[in-house]
Amino acid sequence: MKAGTKLPTDSDSVITELGKLKFRLLSEGMRIHESAVTALENAKNPIRTRSGVSGGLDIKLGNDVYVNVPVREVFAKSSHISLHHIETSFVLMEDGAVISEINVLPLPDYYQMQTPDGEQMKRIGQMCSGDRFCYGMTGPGCHFWSEVNRCRYCSIGNNFDADAVRKQEKHLVEVLGHAISDGSHPAKHVLIGGGTPPGEDMGAVLAAKLCKAIKQHYNISIYVMIAAPLKNDYIDMLYDAGADELGMNVEFWSDEAWHMYIPGKEKEIGKKRYIEALEYAFSKFGPINTRSILIAGLEDFSHTVEGAIQLASRGVMPIISPFRPLTGTMLENDSGFDADTYTRMFSELSEKLSSEYDMPLGPTCVCCQNNTLALPIGKYYRYY
């Protein structure tokens, strides 16, 4: 592709080609050339909160393919793809040639603001996609953070500089209001999650309280993402509080991967309970609005594919998140699949789920596909 060429995004074939580049970026990351450093000052630069899988640089390929590109992790420093700024445009280059023009998402205005009591608003809630406000209800803490119970890929406990520790409901309501009305990067929906408090509810009680507070002030869709609570009553509580979508992430399908990578959740919850909770959530929230993430790249390809099929067969929308080896985690020196393998997984699953279960490979929000194996092709994909 020559410099200055703009790709149309009005066909599935073009989006699929952009998707291959997206999967490369998720797999390999990207280097920042010195020509782009100053130009990125007004861009939505990475903030490391939550588990870090949204801690890259948010860009857009064409009109509708969003990518959260790893740029700070060790593996990204050896990427063959680099970001340059030429005249007034950002471009991706490889081997001295431009491979794509891109758009870099702008810095939200509210990131420069503070609450009346002096807390930086960006430490309360962040824009973790092109249109979604994310609120980590536990801050940089988690019940499973002890070394023996820790999810091996997670960096949440290392995020004290970026994520406020003692969050207050009033802060959430205030900052969300600014995010919704933001002049450069407005929020269209909300994600509540990030970290698990202690207790059998796994955060459902607090999430329900926050849902009620948000719904009292704003007419906005809320997606709650928590570990599977031990009793279905807590799922009822979330539904009654106004949660619109519920995610409980099974993360891996094989028993070996559960034991190796999420030992705390294996001991205290277990995959069997996750499946029971998801099946019950489906009876309340219905298909699409009930979803579960699988991490691809650590367990065998066939296990992730089987997990996605099993979820879809139960009416649960599977979301495939490529493994990202985060600096400071127990798996920082590991690696996931290469881009071709991710592309093959996407192709195999998207076709099978659509034809056999009428189920999309999530998420359905186009902007929120930025760190997943999903592309805006099909009847279910949309903007909020």
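Bear in mind these aren't lab numbers, they're just calculated from the coordinates by the rules spelled out. What you see is a predicted model, and the numbers here were worked out from it, not measured in a lab. Every residue, glycine among them, receives a Cβ derived from its backbone with ideal geometry; neighbour counts consider all protein chains shown.
Some notes on this structure:
- In nm, spacing of pseudo-spin labels at Ser313 and Met260 (7 Å Cα→C-beta vector): 2.4
- In nm, spacing of pseudo-spin labels at His80 and Asn333 (7 Å Cα→C-beta vector): 2.6
- Rounded to 0.05, the FRET efficiency of the Ser184 and Lys20 pair, given R0 = 41 Å and the Cβ-Cβ distance, is 0.85.
- For the chain, the convex hull spanned by the alpha carbon atoms encloses 127 Å³ per residue.
- Segment 261-384: mean projected area of Cα convex hull, nm²: 8.3
- Label-point separation in nm, Arg152 to Glu87, each point 7 Å along Cα→Cβ: 5.0
- Semi-axis lengths, largest first, of the ellipsoid equivalent to segment 121-160 are 23, 11, 8 Å, with √(5λ) applied to each eigenvalue of the Cα gyration tensor.
- Of all DSSP-defined beta bridges confined to segment 109-371, some 10% are antiparallel rather than parallel.
- Solitary cysteines of the chain, where the nearest other Cys Cβ is not under 4.7 Å: Cys142, Cys211, Cys367
- Across the cross-link table entries Lys22/Lys188; Lys122/Lys212; Lys60/Lys379; Lys231/Lys265; Lys122/Lys272, which are compared at the Cα atoms, the separations over 26 Å belong to Lys122/Lys272.
- In terms of packing, defined here as the mean over residues of other Cβ atoms within 10 angstrom, the peptides 283-291, 314-322 line up highest first as 314-322, 283-291.
- Sorted on the mean count of surrounding Cβ atoms within 10 Å across their residues, most packed first, peptides 13-20, 86-93, 207-214 read 207-214, 13-20, 86-93.
- Take each peptide in 115-124, 242-251, count the other Cβ atoms within 10 Å of every residue, and average; sorted highest first, the result is 242-251, 115-124.
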